[in-house]
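S.K.: Input: one structure, supplied below.
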Amino acid sequence: MEVEKMDENEWKYHGEGNQSLVVSHCQRCVVLRFLKSPPNQNKASEEILHHLQNIVDFGKHVMKQFFGENYVHHGEIIQLPLDFVRQLCLKIQPERPESRCDKDMDTLSGYAMCLPNLTRLQTYRFVEHRPILCIEIKPKCGFIPFSSHVSQEIKHKVCRYCMHQHLKVANGKWKRPSKYCPLDLFSGNKQRMHFALKSLLQEAQNNLKIFKNGELIYGGKDDQDCVSDWNELACHLKPFFFPSNGLVSGPHCTRTIVKELIHVITMTLLSSTDACRAGDMKTVPISQGRSYCEASAFNKELVRNGKHKLESSGLPRDCLLYKTLQAQMLDMLDIEGLYPLYSRVEQYLEEFPEERSTLQIDGPYNEAFYEKLLDLSTEDDGTVAFALTKVQQYRIAMTAKDCSIMIALSPCLQDECSEQRPVVLTSKSRFTFSVSVLDLDLKPYESIPHQYKLDGKIVNYYLKNVQAKDDPVMSNLFKENEDCTLVLHKV
């Protein structure tokens, strides 16, 4: 692709994170990702290039091993004419949110990452002329900590996401807590998954977005009115799910279309489009903890109805959700068990700062880096090598906990479907689809102290302001429904 020959007006603002800014081409299925720098802090071109190369290598040599070839798109680094970059920066600046404008796009190095546009179908180009629907889900952490290092019992009962919701609302991040619980989505139980996805649609926050032909049509705002937004969303989705049906308006139509959407998302999340089977790699332990969260709205409703057994059908071992969960569970010690090991590494680096590159803390992220991640021992031998391995595994786990899953759908005629093309069916339509993973940058080594402090804030706020005010009847119901085991001791 000769980007320099394309007019900057053919590119548009696509979105951004804390570290980078992304623009997409109006006609072609590609995006450009530029690094950002704080004002008056310009990085050298070599440093920018090195940073981008680390991102590419990490996706190529590490995350592909966990998720599979078809799910991870690491992209490539390209160099652009500086005049093109400056003109592009000027064009997209008015489209950026005010909260993001404190950091400038790198316009001095000319380096960028060229990636596929994951709001478009990735597998079969023959449908590119047809309408494309894309659902972006940030599932978050799908398991309850099982580490013996956990100091507060509540962490063995309530998931991090559900606890964090209350702190975020208290801090003004969101107006209302979401009923979404990641453990419901990762359960593999379709009833729980449907409830989780419906909850995400009701309170999308920044965990769900829907695109139509690359344009954001739902999600990404806090003040949404669920009823009116669902009606508007249904208008967008009706041609996909009921192309020749008479349902055109009314709450029945909206509920039906949303139900069809949830069904499609569930089926694609449980499907496999990659031969890589994470379970065969034997790189991640199986959690001995709970398969449900006591704070889940779905779980609470069951308890109120006198039921205490949550069915967990289990995820197919080759689906993307299973692979995501396995990568997340590299966090075997929890941040409470991990932080002392981080401190051990820090102390070593204070004494031997020249060893930082040898330890590969900042890369290179190559095959050798990946091989060191496969040591799953949890018995601390007191060495720096053990501590560093657990720190690197934790960084991988945090990356998997914060990644996004992109599901692209395009209408598919019956005579076009074959065994080679993944297809999902609804009551009136069929779609060919692709599933990809986004936001796979390795979490910074330096962020571990922040994660340790944040974990304490989340748990303490929940214990003080939420659990203490919970309905005592609810607590009694949980106690009554706990499995009991009678242990006879020989005397």
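S.K.: Given the criterion modelled with pLDDT of 95 or more, open to solvent by 60 Å² or more (accessible area, probe 1.4 Å) and not acidic (Asp, Glu), identify the matching residue among Arg160, Arg176.
M.R.: From the options Arg160, Arg176, the qualifying one is Arg160.
S.K.: OK, next. For region 424-463, give me each residue that is more than 25 Å from Glu16 (Cα to Cα) and at pLDDT 95 or above.
M.R.: Answer for region 424-463, where residues must be more than 25 Å from Glu16 (Cα to Cα) and at pLDDT 95 or above: Tyr452, Lys453, Asp455, Gly456, Lys457, Ile458, Val459, Asn460, Tyr461, Tyr462, Leu463.
S.K.: Report yes if some residue within region 169-176 is under 20 Å from the mean Cα position of the chain (by Cα) and in the same structural domain as Asp318 (by the TED database); otherwise report no.
M.R.: For region 169-176, residues under 20 Å from the mean Cα position of the chain (by Cα) and in the same structural domain as Asp318 (by the TED database): present.
S.K.: Write out, first by first residue and then by second, each pair whose Cβ atoms fall under 7 Å of each other, whose residues are 6+ apart or on separate chains, and whose first residue, in region 429-448, is not assigned by the TED database to the domain that holds Phe58 while the second is part of a loop (DSSP other than H, G, I, E, B) and basic (Lys, Arg).
M.R.: As it stands, the answer is Thr432/Arg421, since those pairs meet every condition given.
Listed here are the residues, each with its yes/no results for (1) closer than 21 Å to Gln65 by Cβ; (2) open to solvent by less than 20 Å² (accessible area, probe 1.4 Å); (3) of a type in the set (D, E, K, R).
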| position | (1), (2), (3) |
| --- | --- |
| Glu379 | no, no, yes |
| Thr383 | no, no, no |
| Tyr394 | yes, yes, no |
| Asp402 | yes, no, yes |
| Arg421 | no, no, yes |
| Asp441 | yes, no, yes |
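S.K.: What's the number of the condition Val345 fails, among (1) of a type outside the set (Phe, Trp, Tyr); (2) crowded, with 16+ Cβ neighbours inside 10 Å; (3) touching an Asp or Glu at 6+ places or on another chain (Cβ under 7 Å)?
M.R.: (3)
S.K.: Leu90 is checked against (1) part of a helix (DSSP H, G or I); (2) within 21 Å of Leu269 (Cα to Cα) and fails just one. What number does that condition carry?
M.R.: (2)
S.K.: What number of residues within region 363-391 satisfy the criterion of being part of a helix (DSSP H, G or I) and either among the aromatic types (Phe, Trp, Tyr) or free of Cβ contacts under 8 Å to residues at least 24 places away in the same chain (or both)?
M.R.: Final tally of qualifying residues: 8.
The values are calculated or read from the model by the stated rules, or taken from the named source; none is laboratory data. Values in this document were obtained by computation on a predicted structure and should not be read as measured data. No Cβ is skipped: glycine too gets one built from the backbone with ideal geometry, and neighbour counts run over all protein chains shown. Protein only, heavy atoms only, side chains kept; ligands, DNA and RNA dropped before computing areas. Shrake-Rupley method; radii C 1.70, N 1.55, O 1.52, S 1.80 Å.
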